[in-house]
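Heads up, the thing below is written out as C-alpha cells.
The values are calculated or read from the model by the stated rules, or taken from the named source; none is laboratory data. The structure presented is a predicted model; accordingly, all values stated were derived computationally and were not measured. Cβ coordinates were reconstructed from backbone atoms using ideal geometry, including for glycine residues, and neighbour counts include every protein chain displayed. Surface areas here come from the heavy atoms of the whole protein model, side chains and all, with no ligands, DNA or RNA. Shrake-Rupley method; radii C 1.70, N 1.55, O 1.52, S 1.80 Å.
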Amino acid sequence: MTVIVCLDDKDGMMFGTRRQSQDGVLRDRILNDNMGKKLYMNEYSYKMFSQNTENYAICDENFLDTAQTGDVCFVENVDILPYESKINKIIIYRWNRAYPATVYFKFPCGEWKLEGTSEIGGSSHDITEQIYIR
C-alpha cells in the first residue's frame, strides 16, 4: 500500500488540534493523482475530503488494517509504524515550515530509498513532495 502524509520540517503531523494538510491545492493534487484507486482515510481526514471523493474515498477507522496492495492511505493522526510490512511506498508532503507539533511522524524513512523529490506550488507557499520506496 501507499501512504500519504503531510509533515512540517520537524516531522510534525499535527499542531494542537490542527492538521498539517490544510491546503486546497494539495488536496486537489492528492485526489487527482489517486483517481480510480481506493483512497482510504479515517473520519477525521474524510471530513476534509468528503465533498470531492464520494466515488472512491473510503472512510474507515481501521483503514490501515483494511487497505491492501495497490490501495492508498491518507494519514494525518495515526502511527503507521505497526503497518510497515504492508507499506511499499510513502509520499511525504513537507510544509517547509516548523510548527509546534503535538503528533509526530515516527517512521524510519532513512532506511528506505528516496525515489524522487519535487516542489509543488501550494495555496500559500511551496510544498516539497518526497517519494520513498522499499
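Table for the structure above
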| item | result |
| --- | --- |
| Candidate set: the stretch 115-134, residues that are out of contact with any Ser or Thr (no Cβ under 8 Å at 6 or more places or on another chain) and farther than 14 Å from Thr2 by Cα; chosen: the one surrounded by the most Cβ atoms within 10 Å (Cβ to Cβ) | Ile127 |
| The listed residue being among the acidic types (Asp, Glu), touching a residue at least 60 places away in the same chain (Cβ under 8 Å) and closer than 17 Å to Met1 by Cα, out of Asp71, Asp65, Asp79, Asp33 | Asp71 |
| Flag for Val78 being within 26 Å of Ser123 (Cα to Cα), open to solvent by 20 Å² or more (accessible area, probe 1.4 Å), among the hydrophobic types (A, V, I, L, M, F, W, C) and under 12 Å from the mean Cα position of the chain (by Cα) | yes |
| Any hit, the stretch 94-101, residues being exposed (fewer than 11 other Cβ atoms within 10 Å of the Cβ) and either in contact (Cβ under 8 Å) with a residue 60 or more places away in the chain or closer than 20 Å to Arg134 by Cα (or both) | yes |
| Count - residues of the stretch 82-95 that are at pLDDT 95 or above and either in contact with a Lys or Arg (Cβ under 7 Å, 6 or more places away or on another chain) or of a type in the set (Lys, Arg) (or both) | 3 |
| Residue in the stretch 42-49 that is under 28 Å from Gly16 (Cβ atoms) and in a loop (DSSP other than H, G, I, E, B) present | yes |
| Odd one out for Lys10, checked against (1) surrounded by 17 or more Cβ atoms within 10 Å (Cβ to Cβ); (2) assigned to a loop (DSSP other than H, G, I, E, B); (3) touching a residue at least 60 places away in the same chain (Cβ under 8 Å) | (1) |
| The stretch 46-70 - residue that is buried (at least 18 other Cβ atoms within 10 Å of the Cβ) and touching a Lys or Arg at 6+ places or on another chain (Cβ under 8 Å) and, of those, modelled with the lowest pLDDT | Phe49 |
